Amino acid sequence: MRTDKINYYLDIAETVLERGTCLRRNYGAIIVNNDQIISTGYVGAPRGRKNCIDMGICVRESLKVPRGERYELCRSVHAEQNAIIHASRENMIGSTMYLVGKDAKTGAYVENASACSMCKRMIINAGIKQVIIRNAKDKYTVVEVQDWIDNDESLSGTFGY
C-alpha cells in the first residue's frame with residue numbers, strides 16, 4: 001500500500017531528526033511548497049559550537065528546567081528555526097512545515113508536540129501556512145498558522161512546546 005503524502009513528508013522529517021544532537025528531545029522539520037521540499041532542519045548547536053551530545057550534558061536537564069521554559073539556556077537552534085533560515089521567504093510563502101519530535105532517550109514521539117513561542121513567531125513571519133505535527137506513526141495534527149495569529153499566546157501568557 002502506498003504511503004499518503006502527509007505521512008511521506010512526516011517520514012522524511014522523522015529521518016531528518018536523526019541528525020539531532022539534543023540529549024532531551026530531537027525534532028526534524030521540513031518545509032514543503034508545491035509538492036517540493038524547500039528546506040530541512042534539525043536540533044543542533046550553532047555551527048562551530050559543541051553539541052550537547054559531544055559535551056555529554058544538557059544544561060536545561062541538569063537544572064531540571066520543565067519543558068517549554070528557559071530556552072535561553074539551551075545550546076541548540078530548533079529544527080523549525082534551522083529549516084527557516086535555510087530557505088528563502090519567497091519559497092516559504094504558503095508552504096507547509098512537517099514536524100516530528102522524539103524523546104532522545106526512549107525514542108518515543110513527543111506527546112502534544114508544538115512549536116515553541118519563538119518558533120511560532122518565526123513560522124508566522126516566514127509565511128508558512130500550515131504546520132503538520134506527528135503524534136504517532138500514522139497520527140498527526142494539522143495546525144493552521146493563522147490560528148497562532150488570531151489567538152496570540154503572548155497576550156494570554158500561555159506558551160507551548
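Of the residues in the range 97-119, how many are crowded, with 23+ Cβ neighbours inside 10 Å and at pLDDT 95 or above?
Residues in the range 97-119 being crowded, with 23+ Cβ neighbours inside 10 Å and at pLDDT 95 or above: 5 in total.
Exactly one condition in (1) open to solvent by 50 Å² or more (accessible area, probe 1.4 Å); (2) at pLDDT below 95; (3) not hydroxyl-bearing (S, T, Y) is not met by N125; state its number.
(2)
Keeping to the range 47-94, report how many residues are farther than 17 Å from R121 by Cα and hydroxyl-bearing (S, T, Y).
2
Among the residues of the range 1-16, which ones are touching a Leu at 6+ places or on another chain (Cβ under 9 Å) and over 24 Å from E90 (Cβ atoms)? Explain how you work it out, then say what you get.
First, pick out the residues of the range 1-16 that are touching a Leu at 6+ places or on another chain (Cβ under 9 Å): 10, 13.
Residue satisfying the conditions is L10 alone.
Consider the range 35-60. How many of its residues are in contact with a helix residue (DSSP H, G or I) (Cβ under 9 Å, 6 or more places away or on another chain) and open to solvent by 70 Å² or more (accessible area, probe 1.4 Å)?
Going through the range 35-60 one residue at a time, the tally reaches 4.
Which one of these is in contact (Cβ under 8 Å) with a residue 60 or more places away in the chain and out of contact with any helix residue (DSSP H, G or I) (no Cβ under 8 Å at 6 or more places or on another chain): G28, G68?
From the options G28, G68, the qualifying one is G68.
Could you run through the range 1-34 and say how many residues are over 21 Å from I53 (Cα atoms) and open to solvent by less than 20 Å² (accessible area, probe 1.4 Å)?
Of the residues in that region, 6 qualify.
The values are calculated or read from the model by the stated rules, or taken from the named source; none is laboratory data. Remember, it's a predicted structure, so these values are computed and weren't measured experimentally. Cβ atoms come from the backbone with ideal geometry, glycine included; neighbour counts cover every protein chain shown. Surface areas here come from the heavy atoms of the whole protein model, side chains and all, with no ligands, DNA or RNA. Shrake-Rupley method; radii C 1.70, N 1.55, O 1.52, S 1.80 Å.
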